[in-house]
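Data block below; observations after.
The values are calculated or read from the model by the stated rules, or taken from the named source; none is laboratory data. Source: prediction; values computed, not measured. Every residue, glycine as well, gets a Cβ built from its backbone with ideal geometry; the counts of neighbours run over all protein chains shown.
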Amino acid sequence: MKYNKGASYKLLTHIHSPDFQLHISTPLVFEYESILKREIEHSRHADMDAIVDYLCLIATAHQIFYLWRPVLHDIKDDHVLELAVKAQATIVTWNIKDFKIAKSKFGINVITPKELLNQKGLLS
């Protein structure tokens, strides 16, 4: 299997850095787990569990309360926006267009992994 080693990969290699603070919620953890396990063989699921466990270990966990949904065009992304509002965090995603309202309505920045790496001086 060939892996893309672009900006997302490079960003993941820096998640342990004190320059980054990850924020998670229960729905986001379940989404990560689902995505990681979706297209891999069952024998590798334990590896994916270890990745999710590590993310949970290093991230700040937040409870979200579903108080003002739906907001986004894709309602499956509302939990990400709600987490960002609760944590006052930047959303880092390749899906910029679906989060346009985040800045205007909630003051939440939405940037791509490549933009974050540029901001941190880590893109070479």
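On the basis of being of a type in the set (Ser, Thr, Tyr) and modelled with pLDDT of 90 or more, does TYR32 make the cut?
Working: of a type in the set (Ser, Thr, Tyr): yes; modelled with pLDDT of 90 or more: yes.
Yes: the conditions hold for TYR32.
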**Item:** Residue count, the stretch 88-121 (criterion: among the aliphatic types (A, V, I, L, M) and surrounded by fewer than 16 Cβ atoms within 10 Å (Cβ to Cβ))
**Value:** 2
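Which ones in the stretch 7-23 are outside any loop (DSSP other than H, G, I, E, B) and farther than 22 Å from LYS86 by Cα? Even if it seems obvious, please write down each step before you answer.
Applying the first criterion (outside any loop (DSSP other than H, G, I, E, B)) to the stretch 7-23 yields 7-12, 23.
Selection gives ALA7, SER8, TYR9, LYS10, LEU11, LEU12.
Which ones in the stretch 82-114 are in a helix (DSSP H, G or I) and free of Cβ contacts under 8 Å to residues at least 12 places away in the same chain?
Step one: list which residues in the stretch 82-114 are in a helix (DSSP H, G or I), which gives 82-87, 96-99, 101-106, 113-114.
Of everything in the stretch 82-114, those that are in a helix (DSSP H, G or I) and free of Cβ contacts under 8 Å to residues at least 12 places away in the same chain turn out to be LYS97, LYS103, SER104.
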**Fill in**
For the stretch 48-68 the number of residues that are more than 23 Å from SER8 (Cβ to Cβ) and either under 15 Å from the mean Cα position of the chain (by Cα) or surrounded by 13 or more Cβ atoms within 10 Å (Cβ to Cβ) (or both) is 1
**Request:** Considering only the stretch 37-79, state which residues are in contact with a helix residue (DSSP H, G or I) (Cβ under 9 Å, 6 or more places away or on another chain), over 25 Å from PHE106 (Cβ atoms) and part of a loop (DSSP other than H, G, I, E, B).
**Result:** ILE40
